[in-house]
Amino acid sequence: MKHLFAHRLLKISFLFFTALLLTHVVKAQQTCNAFVGNVCTELNAMYVKLDSTTRIAGVLGDSTAENTMLKFARDNGINYLIMYDLQGLVANSTRATQLASLISRAKTQYGVQQVGAALAESQFADNIVAYNNSHVANERIDVLNVEREFWRSTTNRAAEFDATINVLNYFKNVGTANNLTTEIYIGWITANEGARLGDAVDRVLVHYYRQNDTDIVNYGIERLQYLAGASRKVKVIPIFSNEGPSTTDDAETYFMGNWLATNPNDKAFKSWIAGYNALTGSWKNNIEVIGSNWFLYNHFPAIYTAKTNHITSNPANQTACTGQSRTFTVASSATTKTYCWLKNGKCLADGGNVSGARTASLTIANITTQDFANYAARVISYDSANPTSFTSTAATLTATASCGGSSTNLALNKTVTASSFVATGYEPAKVVDGDTTTTRWASAYSGSQWIQVDLGTNYTIDRVKLTWEAAYATEYQILVSSDGSNWTTLRSITGNTSLVNDNTVLNGSARYVRINGTAKALPAWGFSLFEFEVYGQVASIVNKALNKSVTASSFIAAGYEPAKVVDGNTTTTRWASAYSGTQWIQVDLGSTTAVSRVKLTWDPAYAIDYQILISTDGNSWTTLRSITGNSSLINDNTGLSGSGRYIRINGTTKALPAFGFSLYELEVY
């Protein structure tokens, strides 16, 4: 390594990158903090020099330079900025005001989640605390980064290392007291130094300053092994340098500046993490790679000066009702590229109701209120002529004002049935008469009891409001069904003590809604309910299999081809299999999508026993439901829960043993 600035700060690069994908909410939707090298990570970092030198243009105080840097961060998925030139920061100075504005915009508009200060001496941590205490949360610094190149000492390395540990200890105490993370950047270390450093800080940034990505992980691999000697697992981030012959600050050598002319910066970590994952050794059990880092942003504008934005079409704003599906698309002129779709700045992954997160088209199925957000696509080009990353403009998904039903009680005056009622005047119909104070249903006194409303058609249910009499349910379930026979639990309530239960943020598609009471507030009595209200909108019912590609294990003759089951005709055209053995038929939906219902219309040669299978690739299959003892020609399989591109019906037992299986229509919802 070499000196970069006149003060003791030395060149450092710190980036967080590894793993953690996932985070999610109600529908197992998956997001990750950052996406680099084609993997989800915790952090994707970049050093930024705030002040100018004779060779480097700083950014602080120059609104154009600041905004250019922030756009670069967003385009490249950077969520952590490490800033130089913050030593001796005065809390209420003009400089502090400029810094607060920069940090606030980074965090609120450009997807930055953490900001660090690269510092060399203990007292500088106190300056950061004073600054933070005089500013609001989104203007504060989050990380104390120690930059002391003790390994370069030519006089007393041991003393310089001990002084570095003293600074780390001071930073750690300050960090613990003020909710700040600590880290250090390192070059070359001994085994003893590695173990002590691993125990002293929250994370370690390790420089990998090479001219290309060839076998880059093995450049000083012993440093990771030394860090693994700590008494706890050590979080590590590799640092790469973009210095080149025209941008270097050290005449003796240069690093990846030339390489970046034909390779995207994402590729450095992609190669590094691939090499790391291929390594074996028990020492890896004590290392956790959490991200990637680049030194130095200020050189990137020169490297990418002639590179153009390859995104040619941005996603468009859309509206939807809950329960519906929407697809966002992006286009890029790059030939070789990777995608990362972002929701409110965080990278999505396929799962739950999301599909296509790594493609040009993102689909959100069975939309809930949690899906109304901003969506953008980051596209990384691997083309040697333009190896750059850009992020599209954000598109919004908002609730349609005219969905209908959201403020209308769908249950009002509809047909109601119940497990029992105690006497005349307490009939089930009382719960849908609109009177929440005088008329009520009262059940028999013994055991569990239920009451259900038939809405007349399928709705997407997002809210169920119950107004109880004093004989309320302390425990109950809200169940939904499309046929009144097969039920799915929308929500289980335990420990209720309220007479009015407004159950919001539900998500289910159904015609029937049932309240199943299992524990009573007044054990000597039954359950008693004044009003049963249901809210939602007409369900978006689209047969996802219609006119899609179909294959089968066999078909008996021309006119009975597999495609007949997706032509929309449920009475005359049909698939008929060969007569022998088990048989299957499957539909390719075109892309991964959420599946909650599969409806089959059989010919008399129906299946008594069969399985509904789902797959994302057409090779590995998961069973959605196994059906045994079927005796009906119409099987409406509701309440399913799966996500896939392919749906297969695997027939194992036939109603007419001398024939095969014969199916009029295969519908998927």
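Observations, loosely collected:
- Partner aspartates and glutamates whose Cα lies under 14 Å from the Cα of residue 172, excluding those fewer than 8 positions away in the same chain, are identified as 121, 126, 142, 183, 199, 202.
- By definition, a body whose alpha carbon gyration tensor gives a ≥ b ≥ c is oblate when a/c is 1.5 or more and a/b is not larger than b/c, and segment 178-219 fits this oblate description.
- Between helix 191-200 and the chain: long-axis angle, C-alpha atoms, 0 to 90°, nearest 10: 60 degrees
- A straight line joining the Cα centroids of segment 333-367 and segment 28-91 runs 24 Å.
- The chain - percent of accessible surface contributed by carbon and sulfur, probe 1.4 Å: 49 percent
- Cβ-based net charge around residue 275, under 13 Å, with every Lys or Arg adding one and every Asp or Glu removing one: +2
- Surface per residue (accessible, 1.4 Å probe) for the chain, Å²: 39 Å²
- Residue-count net charge about residue 457 - beta-carbon cut-off 13 Å; Lys, Arg +1, Asp, Glu -1: 0
- Sequence of 333, 420, 498 when ordered by accessible area, the most exposed leading, probe 1.4 angstrom: 333, 498, 420
- Pairs from 430/520; 71/346; 235/284; 233/346; 71/307; 107/307 whose Cα-Cα separation, in the structure shown, is over 18 Å: 430/520; 233/346; 107/307
- Residue 605 sits among other residues whose Cβ lies under 13 Å from its own Cβ, and their net charge, with Lys and Arg +1 and Asp and Glu -1, is +1.
- Computed from backbone phi, the HN-Hα couplings of segment 497-512 come to 10, 10, 7, 10, 10, 9, 8, 9, 6, 8, 8, x, 10, 6, 9, 10 Hz, rounded to whole numbers (Karplus: 6.51 cos²θ - 1.76 cosθ + 1.60, θ = phi - 60°; Gly and Pro given as x).
- Segment 277-382: C-alpha gyration tensor shape, a/c 1.5 cut-off, then a/b vs b/c: oblate
The values are calculated or read from the model by the stated rules, or taken from the named source; none is laboratory data. Given the structure is predicted, the values throughout are model-derived calculations rather than measurements. Cβ coordinates were reconstructed from backbone atoms using ideal geometry, including for glycine residues, and neighbour counts include every protein chain displayed. To get the accessible areas, we keep the full protein, side chains included, count just its heavy atoms, and leave off ligands, DNA and RNA. Shrake-Rupley method; radii C 1.70, N 1.55, O 1.52, S 1.80 Å.
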